[in-house]
1. Between beta-carbons, use under 13 Å as the cut-off and find the net charge around Pro275, counting Lys and Arg +1, Asp and Glu -1.
2. Tell me, what is the FRET efficiency for His250 and His348 to the nearest 0.05, using R0 = 25 angstrom and their Cβ-Cβ distance as r?
3. If r is the Cβ-Cβ distance from Leu104 to Asn281 and R0 is 56 Å, what FRET efficiency results, to the nearest 0.05?
4. At 0.36 nm per residue, minus the direct Cα-Cα distance, what do Glu195 and Val288 gain on full extension? Give it in nm, one decimal, please.
5. I need the peptides 286-292, 64-70, 264-270, 196-202 ranked by packing, meaning the mean over residues of other C-beta atoms within 10 angstrom, with the highest value on top.
6. Whole-Hz ³J(HN,Hα) for each residue in segment 361-366, computed from phi via Karplus 6.51 cos²θ - 1.76 cosθ + 1.60 with θ = phi - 60°, x for glycine and proline: what do you get?
7. For segment 236-250, in order, what is each residue's ³J(HN,Hα) by Karplus, 6.51 cos²θ - 1.76 cosθ + 1.60 with θ = phi - 60°, in whole Hz (x at glycine and Pro)?
8. Calculated FRET efficiency, Leu130 and Leu96, Cβ-Cβ r, R0 25 Å, to nearest 0.05?
Amino acid sequence: MSSPDTSVSPRIILLLRELARALLPTLLINLMCALAVTYLLRIGDGFYENLQISMCIGLLAMLLINGARLLIWGDDEPNKLGFAVMLAVLAPLAVLLGRVLATLLLGQPVVSLVPEHSDNIIAVMVLTFLVCFGATVFFWNRQKMATLQAHASEVEKHAVLAQLQTLQAQIEPHMLFNTLATLQSLISTDPLQAELMLNQLVQYLRTTLSASRADSCSLQQEFDLIKAYLGLMSLRMGLRLSYTLQLPSHLGRLRLAPMLLQPLVENAIKHGLEPKVDGGNCTVRAAVHNDMLVLSVLDTGVGLPTSVSLNQPPAQKEPVIGMHFGLDNIRERLSTLYGPLAELIITHNVPAGAMAQITIPLKSLKSAHRSGKAGRSPAL
């Protein structure tokens, strides 16, 4: 026998979230209404009594109107005419039920509901309707602004990802052409080495294709991709390249946007180790420090250029495809996906070479990939 469904209705969750968001503004509006009824309309026996009545009417109106709106339209935008009719019905109902509740709380007989002057109750109903209408317009516009801001954030994120995709299309063929040129020369001189390089290239392309199509990947998968790339580069550079990968097993399951580290490894090879006659070592490691994920790429190559700051935006308006453009896009990607505390720093390695270090708050990392915020992130 199947167990009963104990899940909470999504509309109930929406209602509770809306009530929690509107509670404080509603209490303030109720206070203002009590002041208006007491000192402007001069209805009732005093401010304290009117405050209790106003609180009962206002809270009931908030509950009835929000409950009916979410019951009928859910999280969609209500039909304007239907919503106006609903207000015209529920506002007087909130007045009557609120006065009943208030008289019970005040210990008065319900018969005192009927005012001495009939225009009093009409004035209260009109005031309640106007307040409900004004409050609804306020919350409606606030929700629209939040939706527009979320939409703008999504547009910004997709613009960054489109820019990254364009950059990938321009950079990836460069590496492939160099590898294929090396393969072409090896086929006639060293067929076994050519076959080994071809197998490594196939493995690298398979790993790259899988990563670039994913919304996110584990840190272990990111390191597998880097291992495939460095394996391919070591066949090209021979004994001039050695590499070390340091990934603690407990960090391997962390999820992040795919191919964040690979462009930094490519920079270490292209700008640091390949130009150096005797080559050197490339080390890629992951660690956690003060609730931050720290990803480091270190090389013992030629070091950083002294004429350009790699931690500031380039001066030219139209950046060229190269190391600086790749770094700027990584920074923009980190900021878009993980917030302002995520950063990339380029500094000197001791005793020689360079170090690129990415730091991401673990809280932002887990939040982004729990909610699917990171989206599809193409390779650089």
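The values are calculated or read from the model by the stated rules, or taken from the named source; none is laboratory data. Fair warning: this is a prediction, and the values are worked out from it, not measured in the lab. Every residue, glycine among them, receives a Cβ derived from its backbone with ideal geometry; neighbour counts consider all protein chains shown. Ligands, DNA and RNA are excluded from the accessible area calculation, which covers all protein heavy atoms including side chains. Shrake-Rupley method; radii C 1.70, N 1.55, O 1.52, S 1.80 Å.
1. Overall, the nearby charge balance is 0.
2. Efficiency computed from Cβ-Cβ geometry: 0.25.
3. Between Leu104 and Asn281 the formula returns 0.10.
4. Value of the extension gain: 29.5 nm.
5. 264-270, 64-70, 196-202, 286-292
6. Values per residue, Gly and Pro as x: x, 4, 4, 5, 4, 5 Hz.
7. 6, 8, x, 6, 6, 10, 10, 8, 9, 10, 10, 10, x, 4, 6
8. Once rounded, the FRET efficiency stands at 0.90.
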